[in-house]
Amino acid sequence: MAMFNRMLDSFGPQHWWPGETRLEMMVGAILTQNTSWKNVEKAIAGLKEKGILNIEGLHEIPLSLLAEEIRPAGYFNIKAGRLKNLINYIKEGYDGDIPLFFREKTDALREGLLSVKGIGPETADSIMLYAAKRPVFVIDAYTYRILNRHRVVDDQATYHDLQTLFMDNLSEDVALFNEFHALIVKTGKEFCRSKPLCDSCPLNGWEKIDIQTSY
């Protein structure tokens, strides 16, 4: 929480995840892989303009055309395939009913998302936290980099290791997990870069957290 409070004091609330609907948040979680959110916004705006940002529209559009529509997000052929896989999963397993899909219990919902080809833990957990509003902490490259540089975890720490570290030592609070992850991303982008700006970073001088880990 000392880490969280320092970042919050420095940046203020981040108001994540941007998206008007649960479907838009899911689409964003897939499109944001390896690109900036500005590029994702352009792709989503294009889908909205064409009237296909809905289950039926995304299910019916040919894969090649979907790839062209999301071109601004980069890696558009790969992401179009992943998006199609998710939409087909919801369409076939839940008749395209997103509220029904999100009524699954947390473990079953996460397991289902991870069964979709192209969806890994970070994307699945982003959907879990932001679209499904489940208390699942999202781990990304910024999280690993920050904790590793502050010697909270070592080079061998896995996604599960880092996620467990947060979830075992924080209250299961969707709003807290939401804000914490958003602040980590902000800190990573602004300061904890490949060439870090440590002197001006809000986490400069932050003492190593005294938590027993298995690393």
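Taken over the stretch 19-50, the criterion of being surrounded by 16 or more Cβ atoms within 10 Å (Cβ to Cβ) and within 26 Å of residue 172 (Cβ to Cβ) is satisfied by 19, 22, 23, 24, 25, 26, 28, 29, 30, 32.
Would you check if residue 139 is out of contact with any Cys (no Cβ under 7 Å at 6 or more places or on another chain), under 20 Å from residue 47 (Cβ atoms), modelled with pLDDT of 95 or more and of a type in the set (Val, Ile, Thr)? Lay out the reasoning, then the answer.
Details: out of contact with any Cys (no Cβ under 7 Å at 6 or more places or on another chain): yes; under 20 Å from residue 47 (Cβ atoms): no; modelled with pLDDT of 95 or more: yes; of a type in the set (Val, Ile, Thr): yes.
Spelling it out, it is not the case that residue 139 is out of contact with any Cys (no Cβ under 7 Å at 6 or more places or on another chain), under 20 Å from residue 47 (Cβ atoms), modelled with pLDDT of 95 or more and of a type in the set (Val, Ile, Thr).
Would you point out the residue of the stretch 54-84, among those that are of a type in the set (A, V, I, L, M, F, W, C) and outside any helix (DSSP H, G or I), that is surrounded by the fewest Cβ atoms within 10 Å (Cβ to Cβ)? Break it down stepwise before answering.
Filtering the stretch 54-84 for residues of a type in the set (A, V, I, L, M, F, W, C) gives 55, 58, 61, 63, 65-67, 70, 73, 76, 78, 80, 83.
Next cut, outside any helix (DSSP H, G or I) only: 61, 70.
On the way: 61: 19, 70: 24.
The extreme case among them is 61.
Just checking, how many residues over the stretch 99-115 are surrounded by fewer than 17 Cβ atoms within 10 Å (Cβ to Cβ), within 26 Å of residue 63 (Cα to Cα) and not charged (D, E, K, R)? Final tally of qualifying residues: 4.
Examine the stretch 32-53 for a residue that is assigned by TED's automatic domain parsing to the domain that holds residue 100, among the aliphatic types (A, V, I, L, M) and not in a helix (DSSP H, G or I), and state whether such a residue exists. Spell out how you get there, then give the answer.
The initial filter retains those residues of the stretch 32-53 that are assigned by TED's automatic domain parsing to the domain that holds residue 100, namely 32-53.
Those left that are additionally among the aliphatic types (A, V, I, L, M): 40, 43-45, 47, 52-53.
After this cut, where a residue has to be not in a helix (DSSP H, G or I) as well, the list is 52-53.
Checked against the condition, which is being assigned by TED's automatic domain parsing to the domain that holds residue 100, among the aliphatic types (A, V, I, L, M) and not in a helix (DSSP H, G or I), the stretch 32-53 yields at least one hit.
State all residues of the stretch 144-175 that are in a helix (DSSP H, G or I) and closer than 26 Å to residue 35 by Cβ; if no residue qualifies, say none. Matches in the stretch 144-175: 144, 145, 146, 147, 148, 149, 159, 160, 162, 163, 166, 174.
Taken across the stretch 50-58, residues that are touching an Asp or Glu at 6+ places or on another chain (Cβ under 7 Å) and either in contact (Cβ under 8 Å) with a residue 24 or more places away in the chain or on the phi > 0 side of the Ramachandran plot (or both) do occur, with at least one present. Within the stretch 116-143, take every residue that is in a loop (DSSP other than H, G, I, E, B) and without any contact (Cβ under 8 Å) to a residue 40 or more places away in the chain and give me the one that is surrounded by the fewest Cβ atoms within 10 Å (Cβ to Cβ). Among those that are in a loop (DSSP other than H, G, I, E, B) and without any contact (Cβ under 8 Å) to a residue 40 or more places away in the chain, it is 117.
With respect to residue 103, is the statement that it is under 27 Å from residue 182 (Cβ atoms), outside any helix (DSSP H, G or I) and not assigned by TED's automatic domain parsing to the domain that holds residue 144 true? Outline the logic, then answer.
Details: under 27 Å from residue 182 (Cβ atoms): yes; outside any helix (DSSP H, G or I): yes; not assigned by TED's automatic domain parsing to the domain that holds residue 144: yes.
So residue 103 fits the description; yes.
Every test in (1) modelled with pLDDT of 95 or more; (2) outside the structural domain of residue 85 (by TED's automatic domain parsing) is passed by residue 152 save one, and that test is (1). For the stretch 1-18, name all the residues that are outside any helix (DSSP H, G or I), surrounded by fewer than 17 Cβ atoms within 10 Å (Cβ to Cβ) and modelled with pLDDT under 95. 1, 15, 18 - these are the residues of the stretch 1-18 that are outside any helix (DSSP H, G or I), surrounded by fewer than 17 Cβ atoms within 10 Å (Cβ to Cβ) and modelled with pLDDT under 95.
The values are calculated or read from the model by the stated rules, or taken from the named source; none is laboratory data. Everything numeric here is computed off the predicted structure, so don't read it as measured data. Quick reminder, even Gly has a Cβ in these numbers, built from the backbone with ideal geometry, and neighbours come from all protein chains shown.
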